[in-house]
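Asker: Take a look at this one; I'll ask things after.
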Amino acid sequence: MLEARLEQAGVLKKDLVQDCNFDCNDSGIALQAMDNSHVALVSMLLKAEGFSPYRLDRNVALGINLTSLTKILRCAQNEDILTLKTEDTPDTLSLVFEGAENDRISEYEIKLMDIDQEHLGIPETEYAAAISMPSAEFQRICRDLSQLSESVAIEASKEGVKFSCSGDIGSGAVTLRQHNNVDKPELSTKIELTEPVALTFSLKYLVNFCKASALSSTVTLSLSNEVPLLVEYAMGSGFVRFYLAPKIGEEE
Amino acid sequence: MAPVSKKRRMIVFDRNGKRQKDEPSESDEDSNSHKKVKSETREQRLARGSQHAPSSFEEDLGRLTEEVNELKTGGQEQHQKWSRPDLPESWDPKEENLIFQQIECDEGTFDRKTTIQLFGVTEAGHSVLLHVTDFYHYLYVAAPIGFTRQHLAGFRTFLENKLQTGLEPAIACVQILLRQNLYGYTGNQLSPYIKIDVTDPKLIPRLRNLIEHGDANYENMWPAGDGGTKTYDALQFVMRFMVDTKISGMSWVEVPAGEYHLVDRREKLSSCQIEAKVHVKDLIAHPSEGEYQKIAPLRILSFDIECAGRKGIFPEAHHDPVIQIANMVTRYGESKPFIKNVFTLGTCASIVNTQVLQYVSEGKMLLGWSEFLRQADPDVIIGYNIANFDFPYLLDRAKHLKLVGFPYWTRLKNVKSEPKDSSFSSKQMGNRDTKATNTDGRLQLDLLQLVQRDHQLRSYTLNSVSAHFLGEQKEDVHHSMITELHNGTADSRRRLAVYCLKDAYLPQRLMDKLMCLINYTEMARVTGVPFNYLLSRGQQIKFISQLYRKAKEQSLVVPNLPPQPSEDPYAGATVIDPKKGYYDVPIATLDFASLYPSIMQAHNLCYTTLVRPETCERLGLQKDIDYEITPTGDRFVKAHRRKGMVPLILEALLGARKKAKADLKNATDPFEKAVLNGRQLALKISANSVYGITGATVGKLPCLEIASSVTGYGRGMIMQTKAEVESRYTIANGYTHDAMVIYGDTDSIMVKFGPKDLPTAMELGKEAAEFVSQKFPTPIKLEFEKVYFPYLLINKKRYAGLYWTNTEKHDKMDSKGIETVRRDNCMLVQVCIETVLRKLLIDQDVEGAQTYVKDLISDLLQNRIDMSQLVITKALTKNDYTAKQAHVELAERMRKRDAGSAPTLGDRVAYVIVKGAGGAKNYEKSEDPIFVLENSVPIDTKYYLENQLAKPLGRIFEPVITDAGVKKLLNGDHTRTISVSAPMVGGLMKFAKKTETCMGCKIPLTKKEEVGGAVCSDCKSRFGELYQKTVTKVSELEVKFGRLWTQCQRCQGSLHCEVICSSRDCPIFYMRMKAKKDVVDAGKDLRRFDVDISW
C-alpha cells in the first residue's frame, strides 16, 4: 500500500519518454528512463520528505504511460494537493486532487502497465565544471539558438561560459559571466571550474529538457570532457536530472 | 545440387553421348584405346536412355564404378569427353537433308555479304551454323500518282546516287506491288506501292530518313507536304527475315540435300560442327506442329562463380580473384547433369560424384574454364544473376589479368564476348539497369531476371526463390566468409566448392521446376520472335511479329508512325460500387471469358476495319448493316465487308489454345504435356496482350479508337449484365429472393441470389450465365466459375471469401487486395490477416479471431514476436526519390557502414522499424534487421501496431463487429504489458551502467547487500519459486537454440561443421540469432542467484 500526499501537483511533462517505471521505495519515488534513441536519460527523484504523509509497505514499481499520466495531471490545478494511492501489487494508481481553496475533490485512476525494461543509470562522477544559472536564462538561450542550428557548443572557462552555434542562416553566441545578485540569489550565475571544458550537444534535446524549467528557478549544468552533460533542476524535495551524450564529430 | 542428400547419385563424365548408330571415328588425342571401347558401350546406353526413359538405378550404379576408375586413372581424357558427339563419317551433305532446330537468328556477314546466321542443333545433338544468303531488307513507299513501271529504273538510279555507297550497288531491286494500308478501311482497294530492296540492311535507316524527310523526291512526283513522305513496314532485318521465311523462334528448319554447301574447314567462322551456306529460297521452315514440336537435345550449362572479396567490400574485379567456378551441364530432356565439375584455385578435397579441377594460378584456372566452355559447347547458359554479375565479373577479371584467350565464349571464332550496359524499361516491369554480354550462338537465361519478370516475390535471393519454388533452403554464406574458407585448408575449400556446386545446381532445378525453357520456347514459337527477344524485349515485339505475319498474307503494309505520346487517357474499365459487408450466403461470381479479346472478335475491331465518317459516305455504307458505331463513337465496318486482322489473329490464338488444351488432355508423355501446357499459356498471354498494345500510345502500333471502344463495350456489358440479372431473378418472376449484384469489376460480377444453400446458388449461377450469354454476340461468353461462401467485401478490389467450385468442399480461401497478397508490409501482418480470415471464413469463429488478434498484439508489445515476421522489404527502384523513404534512407546508411553488403538499385531492401528519438520520422527509424539483432536495438512495436496492423484489421473487422469492438481490439487491456530491450548502441550507452532489478517486483537493487543478486529483500520468500522459473527458462531456451542450430546444420548438410549461414530470408536465421542472445542473457540472470545464495 502506497499512500503519498504531494503538496503541489507539479506538472511533469516529458516528451522524451513514453512509458516508464516509477520506483517507489523508502526514500521516495524515483523515475529513471532513457529516450528511444538512447542519447538522453532522465532521472527524477521525489524524496519521501516531500510527501506528507509518505507511507510505503514494500517497494513497488509503477509502470505508467506518461501520455496518459499527463492527461490526468492536466485535470489538476497547480495549487492542488495530490495524493497517490496504490495497492501492493498494483493494477491501477489512483490520484486524488484536493483543491487548496475550495473543497473540490477529484479522484482519478490510471491503468498501470507491466513494463519489462532494463534499469540503466549513470554513475556519479566528478565534473570539471559546474555552472548554475537561472533556469529561465538557460531556457531562453536554448530556444534562441535552436532557431539557428541543431547543435550548440558549450565552452566553459574562467571568464565565463559561452554557448555558440552556427547554422545555414548564420551563427550566434551567448556568453554569460559569473555574477552575484545579492538581492535575488536565484538570479546569480556561478561557475565552478577545475579545468576548461568544451563540448557540443544536440539542441533538440536541450530544448526538451528546458520544459522542466517550471520546476525550479535555477538550473545546474555539470560538464566534463567526453562525459555526458548533466542538467539538474533541484526541487525542494527532490530533483530532476537529465543526462545528454555529447555529439562527437559530425555524427550524433 | 544437394550433393549431400544425393551422395549415392552418379554423375557421368563422358560427354560423347553418341546417338548415332555409326561407328565413332578414332580421335588422335585418344591414347587409351581400351578405355575408349569401354566408354563406347556406355555412351550408347546413355544415348538410348536419354531418348526413352531416364536411366535406371542399376545404370547409375554401373556408372558409379566406372566413375571411380576414371578418377583413379587421372583426368587426361576428360577434355575429350566434354565435347559433343562427333559427326558420323558416313554423313554426306549431298545425300542427307539438313534438319535442325534453330535457336538463334542473327545478322552476320559471310564472304563480305550480309547474311542471316541461323544457329541450331540437330536431333542427334550436333551444332549447326547456317548462313542464309541473298535475303534483302526492304521498305515500302506509296507510289505517287502517275508513277509507272517506266519510272522504276530512273528512280533506282536516283536513289543509288542519293545513298552514294561507292562501287557496290546499294539498291538490289525496285518494283511496284499492289498493297493496302493497315490503318483504316477504304473499301478493300489495293493501291500501288513501291518496294525498295537494298543490298545492305544498314542502308535502310538512311533510305527511310531520306524519303521521310522529303530528300528523295524523285522528279517531285510526291506532293510536297511538310511531313515528307510516309514509309511502310519498319521492321528490323532479323524480324523481316523471319516473317518472310515464316520461321518462328526455336522452330525447326530444313534444307534439302544438295541445296546447301558445307563451308570449308579453313573458311569456317564458327566452332559449330556443321557450317553451311544456303540460298534463302532453299530454306524450308517447319511450323511447330506434330513432329516438329519436339525440342533438340540442347546442352544446358548452369554455372556459378565464387570470388574472394575483402572484408566489408563487395568483390571488385580489379582486386578480388575468382576462386571457384562450379558447372553442371545437362542435356535437354534428361533429368541429371552429365557433366558436373568444379574449378578451384588451390587444392580441394575430393567431392563425391564431382570432378575437381585444381589450379595453382587463377589465370590458368580461368583459361581452363574458358576452354571447358568451348569444349562442352553449351547451347543455353543459365545461372543466377549471371547477366549482371558472373559474366561481367569473369570478363573484367580476365582483362585485368590480361588473359588473351579468355573472352571467346561465342560460337563465332573471332568474336569476343563483351559486357555492355543496357537498360530495360517497360510498363509491365519498371526500369532495370542491366548488363548484356554477347554469346553469339548460345542462349542465355538468367534465372534471376526471369523470376523477377514472371513472379512477384518478397525477396529475389537465390535462397528465398528456391525456398519458394522448390521448398528447399540452402546455406547462405556471406561473402566475407568466403575468403576465410578459401584461405583455410583443402577441406574448407571443399566446403566452399560444395556450396558453389549447389548454387550452380539450383538454377537448373528452378528452370526445370518453372519449365522456363519449355514455356519460353513455346512463347517464341507462338509469337514468332527469337528466343532471346523474350527476355530482352517487351510485349510489343511479340504482337508486331504476329501482326506482320498476318499482314503479309493479306498484302497489308504497316505505316511507320513516329511515337506520339498522348496525355489524355481514355476511360478504363468500370467498377460497380461495392455493397460492403459480410455475407453469410453464397455469392455467385459470373465472369466474361477473355473479355477484351472476345469483344474485339465480336465487334470486328481492328486497324483494318476502322472507318472514317467521310469514307462511309463516299462508299455509301449503312449504319448497323455495313458498320457499327462503338460506345465511344468510333466506326468499324462489319465482318462481311472486311474481316479484321486483329480478330483473325485472336481467333487463331484462341483456336490454337483450345487445340493445345485438347491435346493436353490426351497427351501422356510428361515432356509433351509440359510443352503443350507451355503453349496454351503462351497463347493466352499473347491474346490478352493485344488490347494493351492498341492502347499504348508510345508504342509502334497505337490505335486508341480500338482500345477505348473495347473498354467502352466492356463497361456497357457489365452494366447490362447487372440489369439483366437483377430484372430476371426477382420474387415477382417466381424466384424465392430478389437477386442483387453486390460488386463488379472489369470482367466479372458478384451476385447474391439469396438462397442460403450452395447447390441452389450454383444452379442459379449457371443458369444466369447461360441466360446472359445469349444476349451478347458470339464469341462473348459469360461463365459461371465459382461461388464465394461466406464472402467478406471490404472495398473496391478488396475482398475475401471461401472459394467453392463444387458443393462438397471448398477449394481454397481467396483474398484480393488484402494485405495477405501485398508485399509492402511485414510477414506479421500477412500471417495475422490470413489467420483472422481463416477463423472468420472457415471456422466462422468471430470470438476466436478476436482472441487471436489480442494475443498477437500482446506478444508484439512484449517483444516476443520473431524478428523475421517484422521485416519489411521494398525494392530500391531509383536513386532520386523526392520524398524520403525508409528503405532508401536505410540503403544510404548501410552504404556508409559497409559498401559491400549494402543493397543496390533493383535490390529489395529488408528493414525493420526501430524506436527513434521523439518526433523522428519513420524513414529515420528504419534499420537493417541483422544490425538490430546484433545490437539488440529496440523495435518500435507501436509502429507495427498502429501503422501496420491497425488499418487492415480495422477494415476486416469493421463489417463483422462494432466500431467499439475494433477499438478495444487495438487498445484493450492486453496492450498494457510491454517490454523494452536495451540496445548496445546509442550516445549514452557508453556511459550508462545497468542496475539490476528484482526478478520478483522489478525494483532496482541498489542496496549494498542486494547488488548483483536476483531478488530484493521483500521478495526473498519467493526465491525458490523464481529460481525454479529461471532455470526452466534457461533450459527451455537452450533446447530451442539447440534445435534451431541442428535445423541449420541439416540445411547446410553436415552435422559436424559450424553453421556459417547468414541468410536474410530465412526465418530460422533470425530465430537462431535471437535464441543465441536469449540463452546468454538468461544464463546471466541465472548466475545472479549464486550471489544471493552466498548470504
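The values are calculated or read from the model by the stated rules, or taken from the named source; none is laboratory data. For clarity, every value in this text was computed on a predicted model and none was experimentally measured. Note that we place each Cβ from the backbone using ideal geometry, even for glycine, and neighbour counts take in every protein chain shown. We work out accessible area using only protein heavy atoms, side chains counted, and drop any ligands, DNA or RNA first. Shrake-Rupley method; radii C 1.70, N 1.55, O 1.52, S 1.80 Å.
Asker: Would the range B:990-1006 turn up any residue that is over 56 Å from the mean Cα position of the chain (by Cα), at pLDDT 80 or above and more than 30 Å from residue B:459 (Cβ to Cβ)?
Answerer: no
Asker: Something else now. When the range A:88-131 is examined, which residues are found to be assigned to a loop (DSSP other than H, G, I, E, B), among the charged types (D, E, K, R) and open to solvent by less than 70 Å² (accessible area, probe 1.4 Å)? Please lay out each step first, then the result.
Answerer: Taking the range A:88-131 and keeping what is assigned to a loop (DSSP other than H, G, I, E, B), we get A:88-91, A:99-104, A:112, A:118, A:122-128.
With among the charged types (D, E, K, R) added as a condition, the list becomes A:88, A:91, A:101, A:103-104, A:118, A:124, A:126.
If the condition is that a residue be assigned to a loop (DSSP other than H, G, I, E, B), among the charged types (D, E, K, R) and open to solvent by less than 70 Å² (accessible area, probe 1.4 Å), then A:88 is the only one that fits.
Asker: Another one. Which of (1) within 14 Å of chain B (Cβ to nearest Cβ); (2) open to solvent by 40 Å² or more (accessible area, probe 1.4 Å); (3) free of Cβ contacts under 8 Å to residues at least 60 places away in the same chain; (4) closer than 25 Å to residue A:235 by Cβ is the odd one out, the single condition residue A:211 does not satisfy?
Answerer: (3)
Asker: Among the numbered criteria (1) under 29 Å from the mean Cα position of the chain (by Cα); (2) within 14 Å of chain A (Cβ to nearest Cβ), which one does residue B:863 miss?
Answerer: (1)
Asker: For the range B:186-227, how many residues meet the condition of being among the hydroxyl-bearing types (Ser, Thr, Tyr) and free of Cβ contacts under 8 Å to residues at least 60 places away in the same chain?
Answerer: Looking only at that region, the number is 1.
Asker: Among the numbered conditions (1) crowded, with 20+ Cβ neighbours inside 10 Å; (2) touching a helix residue (DSSP H, G or I) at 6+ places or on another chain (Cβ under 7 Å); (3) of a type in the set (A, V, I, L, M); (4) within 16 Å of residue B:117 (Cβ to Cβ), tell me where residue B:239 comes up short.
Answerer: Here residue B:239 clears every test but (1).
Asker: Residues of the range B:153-210 being among the charged types (D, E, K, R) and touching a Cys at 6+ places or on another chain (Cβ under 9 Å), which ones?
Answerer: B:156, B:195, B:197
Asker: Suppose we filter B:211, B:196 for residues that are modelled with pLDDT of 90 or more and β-branched (Val, Ile, Thr); which single one remains?
Answerer: Residue meeting the stated conditions: B:196.
Asker: Only one residue in B:766, B:752, B:756, B:781 is without any contact (Cβ under 8 Å) to a residue 60 or more places away in the chain and open to solvent by 10 Å² or more (accessible area, probe 1.4 Å), so which one is that?
Answerer: Working: B:752 fails: without any contact (Cβ under 8 Å) to a residue 60 or more places away in the chain; B:756 fails: without any contact (Cβ under 8 Å) to a residue 60 or more places away in the chain; B:781 fails: without any contact (Cβ under 8 Å) to a residue 60 or more places away in the chain.
Step by step, each of B:766, B:752, B:756, B:781 is checked, and only B:766 is without any contact (Cβ under 8 Å) to a residue 60 or more places away in the chain and open to solvent by 10 Å² or more (accessible area, probe 1.4 Å).
Asker: Out of the residues in the range B:267-319 meeting the condition of being among the aromatic types (Phe, Trp, Tyr) and surrounded by fewer than 19 Cβ atoms within 10 Å (Cβ to Cβ), tell me which one is modelled with the lowest pLDDT.
Answerer: Step by step, filter the range B:267-319, then rank; the result is B:314.
Asker: Of the residues A:158, A:85, A:162, which is within 30 Å of residue A:227 (Cβ to Cβ), assigned to a strand (DSSP E or B) and among the basic types (Lys, Arg)?
Answerer: Result: A:162 is the single residue among A:158, A:85, A:162 that is within 30 Å of residue A:227 (Cβ to Cβ), assigned to a strand (DSSP E or B) and among the basic types (Lys, Arg).
Asker: For the subset of the range A:64-93 comprising residues that are farther than 12 Å from residue A:24 by Cβ and at the interface with another protein chain (Cβ under 10 Å from one of its Cβ atoms), which member is modelled with the lowest pLDDT?
Answerer: That would be A:89.
Asker: Now, a different point. If I ask for residues that are open to solvent by less than 20 Å² (accessible area, probe 1.4 Å) and either outside any helix (DSSP H, G or I) or outside the structural domain of residue B:410 (by the TED database) (or both), which ones from the range B:353-375 would you list?
Answerer: B:353, B:354, B:355 - these are the residues of the range B:353-375 that are open to solvent by less than 20 Å² (accessible area, probe 1.4 Å) and either outside any helix (DSSP H, G or I) or outside the structural domain of residue B:410 (by the TED database) (or both).
Asker: Looking at (1) of a type outside the set (Ser, Thr, Tyr); (2) part of a helix (DSSP H, G or I); (3) closer than 29 Å to residue B:830 by Cβ, which is the only condition residue B:475 fails?
Answerer: (2)
Asker: For the range B:333-352, give me each residue that is assigned to a loop (DSSP other than H, G, I, E, B) and crowded, with 21+ Cβ neighbours inside 10 Å.
Answerer: Residues satisfying the conditions are B:337, B:338, B:348.
Asker: Looking only at the range B:932-953, count how many residues are among the charged types (D, E, K, R) and more than 14 Å from every other protein chain (Cβ to nearest Cβ).
Answerer: 2
Asker: Just checking, how many residues over the range B:104-121 are touching a helix residue (DSSP H, G or I) at 6+ places or on another chain (Cβ under 6 Å) and either crowded, with 21+ Cβ neighbours inside 10 Å or among the small types (Gly, Ala, Ser) (or both)?
Answerer: Total meeting the criteria: 2.
Asker: Can you name the condition, by its number, that residue A:199 falls short on among (1) within 14 Å of chain B (Cβ to nearest Cβ); (2) buried (at least 17 other Cβ atoms within 10 Å of the Cβ); (3) out of contact with any Pro (no Cβ under 8 Å at 6 or more places or on another chain); (4) in a strand (DSSP E or B)?
Answerer: Unmet for residue A:199, out of (1) within 14 Å of chain B (Cβ to nearest Cβ); (2) buried (at least 17 other Cβ atoms within 10 Å of the Cβ); (3) out of contact with any Pro (no Cβ under 8 Å at 6 or more places or on another chain); (4) in a strand (DSSP E or B): (3).
Asker: Regarding the range A:224-238, can at least one residue be identified that is of a type outside the set (Ser, Thr, Tyr), outside any strand (DSSP E or B), open to solvent by less than 50 Å² (accessible area, probe 1.4 Å) and within 24 Å of residue A:44 (Cα to Cα)? Talk me through it step by step, then tell me what you get.
Answerer: Looking only at the range A:224-238, we keep the residues that are of a type outside the set (Ser, Thr, Tyr), and these are A:225-232, A:234-236, A:238.
Adding the requirement that they be outside any strand (DSSP E or B) leaves A:225-228, A:236.
Then drop every residue that is not open to solvent by less than 50 Å² (accessible area, probe 1.4 Å), which leaves A:227-228.
Next, only the ones that are within 24 Å of residue A:44 (Cα to Cα) stay: A:227-228.
There is at least one residue in the range A:224-238 that is of a type outside the set (Ser, Thr, Tyr), outside any strand (DSSP E or B), open to solvent by less than 50 Å² (accessible area, probe 1.4 Å) and within 24 Å of residue A:44 (Cα to Cα).
Asker: Does the range A:97-113 contain at least one residue that is over 20 Å from residue A:39 (Cβ atoms), away from every other protein chain (no Cβ under 14 Å) and of a type in the set (Phe, Trp, Tyr)?
Answerer: The answer is yes, given that some residue of the range A:97-113 is over 20 Å from residue A:39 (Cβ atoms), away from every other protein chain (no Cβ under 14 Å) and of a type in the set (Phe, Trp, Tyr).
Asker: Which of the following residues is in contact (Cβ under 8 Å) with a residue 60 or more places away in the chain, of a type in the set (Val, Ile, Thr) and over 25 Å from residue B:606 (Cα atoms): B:690, B:675?
Answerer: Residue meeting the stated conditions: B:675.
Asker: A further question on this structure: Within the range B:952-962, does at least one residue satisfy the condition of being part of a loop (DSSP other than H, G, I, E, B), among the charged types (D, E, K, R), open to solvent by 20 Å² or more (accessible area, probe 1.4 Å) and at pLDDT 75 or above?
Answerer: Looking through the range B:952-962, at least one residue is part of a loop (DSSP other than H, G, I, E, B), among the charged types (D, E, K, R), open to solvent by 20 Å² or more (accessible area, probe 1.4 Å) and at pLDDT 75 or above.
Asker: Among strands (runs of 3 or more DSSP E) lying entirely in the range B:51-135, which contain 3 or more residues that are in the same structural domain as residue B:265 (by the TED database) and modelled with pLDDT under 90?
Answerer: So the answer is B:98-110.
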